[in-house]
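Asker: Here you go, one structure.
The values are calculated or read from the model by the stated rules, or taken from the named source; none is laboratory data. Since the model is a prediction, treat every value here as computed from it, not as a measurement. With ideal geometry, Cβ positions are generated from the backbone for all residues, glycine too; neighbour counts draw on all protein chains shown. With ligands, DNA and RNA removed, areas are computed over all heavy atoms of the protein, side chains included. Shrake-Rupley method; radii C 1.70, N 1.55, O 1.52, S 1.80 Å.
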Amino acid sequence: MASVIGDRIPSRAKLAARDARRKLNSRLFEVWLWSMGVLITLAILAVIVTIVIKGLPAMNWEFLSTGPKEGMKEGGIWPMLRGSILLMIGTLLIVLPVGVFGGVFLAEYAGTSRLVTLVRACVVALAGTPSVIYGLFGLAVFVLLITKHTSLIAGCLTLAMFALPVIVLTTESAIKAVPESFVEAGVSLGMSKWQVIRKVILPAALPGIVTGLVLSTGRAAGEAPPILFTAGIYYSTAKLTFDLEMFKKPVANLPYHLAEGYRQGSVIPEKIIWGTCLTLMLLVLLINLAAIIVRARARKRQVW
Amino acid sequence: MVSEIASRENIVVEAKDVDFYYGKNQALKGVTIQIIRNKVTCLIGPSGCGKSTFLRSLNRMNDRIAGARHTGLIEIDGENIYSRKTDLMQLRRKVGMVFQKPNPFPTTVYENIAMAPRIHYGFGERELNEIVETALQKAALWDEVKDDYKRKHALALSGGQQQRLCIARTLAINPEIILMDEPCSALDPISTYKIEELIKELSGDYTLIVVTHNMHQAGRISSHTAFFNLGELVEYGTTESIFQRPAKRETEDYVSGRFG
């Protein structure tokens with residue numbers, strides 16, 4: 001026995017003490033992880049609970065479905081909610097083709113040249129760029145060059161710029177995660193490169209792509225800085241018409257309303273500000289929920 | 001090397017002095033071989049001997065590997081498949097492939113088979129229905145899936161069924177040659193037996209080129225066997241002669257199980 005270790009083997013007592021210490025260390029680490037987990041959960045809960053408690057008194061159907069009254073002292077936030085939804089839809093329409101096919105390009109066509117490496121590094125850097133920078137960029141480019149004043153289209157374009165890098169990167173990684181064996185099968189059946197992408201790669205990567213798309217758009221919808229200078233209007237009584245003119249006009253929206261409303265805190269009652277806050281949070285949560293459902297349903301079918 | 005070859009028409013694949021490199025690494029050295037139409041030819045040899053590389057150069061799957069290049073000539077039906085005029089979609093319509101690990105698409109059994117003929121030939125629903133059924137029958141999978149192949153998810157099939165589905169999928173584009181890269185190595189013995197029976201049945205209508213680790217399998221299914229070692233084609237002939245009267249010591253050592 002113990003021929004490899006020989007008589008260097010420690011005494012039974014020493015071994016027992018050592019084993020006890022190892023178990024204790026393991027337990028201690030577990031406790032540490034649990035406390036960190038609880039801490040994170042508490043932090044998130046604190047935010048949610050605060051907003052729900054403070055925002056709930058203002059929340060009712062009328063608050064969501066009517067406009068402000070009495071110079072914002074009363075009434076609801078429908079124009080802002082509608083504006084946020086419009087901004088989100090517009091943003092989604094822009095990022096869907098550009099972001100997804102940008103990701104396809106990076107994953108399948110770009111290769112590994114030095115230029116592409118540089119481009120990819122830039123996309124990663126852009127994904128971490130503060131959103132206010134996009135706001136100023138949007139002001140300089142989309143507002144001053146296209147509409148000369150804040151507008152829905154300038155806001156959508158700016159939010160799209162903000163959301164694009166993350167969508168490109170998530171699309172690229174979703175595509176790269178498609179098993180090579182599927183791609184080989186497509187190639188061996190004589191599919192063209194585009195057919196392999198359309199019939200094999202995109203369907204398999206779809207859950208990941210949609211998740212990135214939705215989460216990133218939802219995140220953009222909650223950002224105030226990008227639309228502060230590009231889309232926002234504090235409050236407008238002008239009736240919204242659903243036509244092409246709509247895109248050229250400024251649009252009231254939730255983040256802007258919050259930012260301005262807080263600055264002018266004395267005008268808008270606190271109750272309405274918290275109600276707006278809760279509405280924005282619910283809107284973003286709702287979008288994230290959609291992404292979670294899409295992913296969960298796709299996971300069930302994904303057997304590889 | 002194969003003295004039994006009767007006429008030029010019987011040769012479907014002809015390789016002349018093929019060298020193959022992955023970057024600086026040479027995988028094939030001067031491979032010259034003539035493969036006979038509508039027979040089963042097995043490529044055997046130890047890991048890393050170049051048999052898979054050779055197989056994958058026949059439908060140009062190696063094109064996908066960065067830094068892969070070759071010299072020499074590979075002809076199929078007398079046409080250089082590495083010529084500038086070669087259309088890869090046409091080549092792969094003619095030369096189908098079955099992989100080591102079954103790799104059906106994550107969709108229905110039906111769609112797995114219908115996809116390629118729809119793409120290549122533009123068939124409609126009615127023709128595709130017939131093609132899918134025939135392909136499943138030819139691949140000996142029909143009886144097991146006939147009730148629900150339009151709904152059943154391909155990945156819900158067993159490994160052996162998946163591999164027969166992959167065979168059906170390649171049959172559906174009407175290839176002349178079917179390349180198989182160790183098609184049974186991920187399967188249990190019963191599934192392996194079924195695939196081997198299927199291979200024997202398909203020979204006569206198709207040229208099958210099968211890479212295998214398993215010498216006994218080569219003995220059971222093939223009419224001709226090529227033994228590769230260290231990137232060279234050591235010996236090639238009828239399976240009987242390779243196993244019973246190998247001309248080279250290396251071959252004899254391998255087929256008698258002394259190495260590999």
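Asker: Taking only protein heavy atoms and a 1.4 Å probe, what accessible area per residue, in Å², does chain B have with all protein chains in place?
Answerer: Per residue, chain B has an accessible area of 44 Å².
Asker: Net charge near B:LYS101, counting Lys/Arg +1 and Asp/Glu -1 over other residues with Cβ under 13 Å of its Cβ?
Answerer: For residues surrounding B:LYS101, the net value is -4.
Asker: At a 1.4 Å probe, what is the % contribution of carbon and sulfur to the accessible area of the protein assembly as shown?
Answerer: With neighbouring chains kept in place, the figure for the protein assembly as shown is 60 percent.
Asker: Please give the Cα centre distance for region B:68-131 versus region B:182-242, rounded to the nearest Å.
Answerer: 21 Å
Asker: Each residue of region B:29-41 in order: what ³J(HN,Hα) in whole Hz does its phi give by Karplus 6.51 cos²θ - 1.76 cosθ + 1.60, θ = phi - 60°, with x for Gly and Pro?
Answerer: Residue by residue, region B:29-41 yields 10, x, 7, 10, 7, 10, 9, 8, 5, 6, 10, 9, 10 Hz.
Asker: My understanding is that a pair violates if its Cα-Cα distance is over 32 Å; which of A:LYS199/B:LYS94; A:LYS199/B:LYS51; A:LYS176/B:LYS200; A:LYS176/A:LYS249; A:LYS199/B:LYS29 do that in this structure?
Answerer: Correct reply: A:LYS176/B:LYS200; A:LYS176/A:LYS249; A:LYS199/B:LYS29.
Asker: Running Debye on region B:3-101 with equal point scatterers at the Cα sites and no solvent, what base-10 log of I(q)/I(0) appears at q = 0.15, 0.18 Å⁻¹?
Answerer: For the requested q values the scattering log ratios are -0.62, -0.92.
Asker: In addition: Determine how large the accessible area of B:LYS51 is when every protein chain is in place; take a 1.4 Å probe and give Å² rounded to the nearest 10.
Answerer: Result for B:LYS51: roughly 10 Å² accessible.
Asker: Under 17 Å between alpha carbons, and skipping anything fewer than 8 positions from B:LYS16 in its own chain: which aspartates and glutamates qualify?
Answerer: B:GLU75, B:ASP77, B:GLU79, B:GLU232, B:GLU235
Asker: Which of the listed residues, A:VAL200, A:PRO165, B:LEU141, is farthest toward the dipole's positive end in the protein assembly as shown, when Lys, Arg count +1 and Asp, Glu count -1 at the beta-carbon?
Answerer: Positive-most Cα among the choices belongs to A:PRO165.
Asker: If R₀ is 25 angstrom, what is the calculated FRET efficiency for the pair B:ALA247 and B:GLN26, using the beta carbon separation as r and rounding to 0.05?
Answerer: Here the calculated transfer efficiency is 0.55.
Asker: Long-range amide H contacts for B:ILE36: which residues qualify at under 5 Å (H placed 1.01 Å from N, peptide plane, sequence gap of 5 or more or a different chain)?
Answerer: Amide H neighbours of B:ILE36, under 5 Å, 5+ apart: B:VAL12.
Asker: Give the long-range amide H neighbours of A:MET191: residues separated by 5 or more places, or on another chain, with amide H under 5 Å away, using H modelled in the peptide plane at 1.01 Å from N.
Answerer: none
Asker: Let me ask something additional. Placing unit charges on C-beta atoms (Lys and Arg positive, Asp and Glu negative, everything else neutral), compute the dipole magnitude of chain B about its Cα centre in debye, rounded to 20.
Answerer: So the dipole magnitude of chain B works out to roughly 620 debye.
Asker: Pop out the Kirkwood hydrodynamic radius of chain A from its pairwise C-alpha distances, inverse of mean 1/r, in Å to one decimal.
Answerer: 22.9 Å
Asker: Work from the charge dipole of region B:2-255 (Cβ charges, +1 for Lys and Arg, -1 for Asp and Glu, about the Cα centre) and give the residue of B:ILE131, B:ALA156, B:PHE105 farthest towards its positive end.
Answerer: B:PHE105
Asker: Still on this model: Whole-Hz ³J(HN,Hα) for each residue in region A:55-65, computed from phi via Karplus 6.51 cos²θ - 1.76 cosθ + 1.60 with θ = phi - 60°, x for glycine and proline: what do you get?
Answerer: For region A:55-65, the Karplus curve yields x, 4, x, 7, 7, 7, 4, 5, 4, 7, 10 Hz.
Asker: When chain A is treated as a GNM, springs tying every alpha-carbon pair under 10 Å, which of A:LYS23, A:LYS271, A:LYS248 comes out with the largest mean-square fluctuation?
Answerer: For chain A, modelled as a Gaussian network with Cα springs under 10 Å, the answer is A:LYS23.
Asker: When the dipole is taken about the Cα centre of the protein assembly as shown, and only Lys, Arg (+1) and Asp, Glu (-1) are charged at their Cβ, what size is it in debye, to the nearest 20?
Answerer: 1740 debye
Asker: Let me ask you something else. Apply the Karplus parameterisation 6.51 cos²θ - 1.76 cosθ + 1.60, with θ equal to phi minus 60°, to every residue of region A:221-226 and state each ³J(HN,Hα) to the nearest whole Hz, in sequence, with x for glycine and proline.
Answerer: After applying 6.51 cos²θ - 1.76 cosθ + 1.60, I find 4, x, 7, 8, x, x Hz.
Asker: Compute the acute angle (0 to 90°) between the alpha-carbon long axis of helix B:189-202 and the principal axis of greatest extent of the alpha-carbon atoms of chain B; round to the nearest 10°.
Answerer: Compared with the principal axis, the helix lies near 90 degrees.
Asker: Work out the length of the dipole vector of region B:113-211 about its Cα centre, built from +1 on the beta-carbon of each Lys and Arg and -1 on the beta-carbon of each Asp and Glu, and round it to the nearest 20 debye.
Answerer: Dipole size: approximately 300 debye.
Asker: Next up: Under the rule of at least 5 residues apart or a separate chain, name every residue whose amide H is placed under 5 Å from the amide H of B:GLY72.
Answerer: The list, which skips near neighbours in sequence, is B:ASP19.
Asker: Quick one, can you get me the convex hull of the C-alpha atoms of region B:2-255 expressed as volume per residue in Å³?
Answerer: Measuring per residue, one finds 126 Å³ for the Cα hull of region B:2-255.
Asker: For the protein assembly as shown, what is one quarter of the convex hull surface built on the Cα atoms, given in nm²?
Answerer: 39.6 nm²
Asker: For q = 0.15, 0.25 Å⁻¹, what log10 I(q)/I(0) does region B:131-220 give under the Debye formula with an equal point scatterer on each alpha carbon and no solvent?
Answerer: Rounded to two decimals, the profile gives -0.54, -1.43.
Asker: Something else about it: Quick one: compute the contact order of region A:67-301, relative version, from alpha carbon pairs under 8 angstrom and 6+ residues apart, as a percent.
Answerer: 29 percent
Asker: Which lysines have a Cα lying under 23 Å from the Cα of A:LYS54, excluding residues fewer than 8 positions away in the same chain?
Answerer: Cα-Cα hits under 23 Å: A:LYS69, A:LYS73, A:LYS271.
Asker: Now a separate question. Give a quick list of trypsin sites (Lys or Arg not before Pro) in region A:79-169 that DSSP marks as loop, anything other than H, G, I, E or B, with at most 13 other Cβ atoms within 10 Å.
Answerer: Passing sites in region A:79-169 are A:LYS148.
Asker: A:LYS148: which aspartates and glutamates have alpha carbons under 20 Å from its alpha carbon, excluding same-chain residues fewer than 8 sequence positions away?
Answerer: List returned: A:ASP243, A:GLU245.
Asker: Follow-up. To the nearest 100 Å², how much accessible surface do chains B and A hide from each other in total, with a 1.4 Å probe?
Answerer: Summing both chains' loss of accessible area gives about 1800 Å².
Asker: Limiting things to C-alpha atoms, what are the Rg and the maximum Cα-Cα separation (Dmax) for region A:2-56, in angstroms?
Answerer: Over region A:2-56's Cα set, Rg and Dmax evaluate to 23.0, 73 Å.
Asker: Identify, among A:THR41, A:ILE5, A:VAL31, the residue whose Cα sits farthest towards the positive end of the charge dipole of region A:2-56, taking +1 on the Cβ of Lys and Arg and -1 on the Cβ of Asp and Glu, with the dipole about the Cα centre.
Answerer: The listed residue farthest towards the positive side: A:ILE5.
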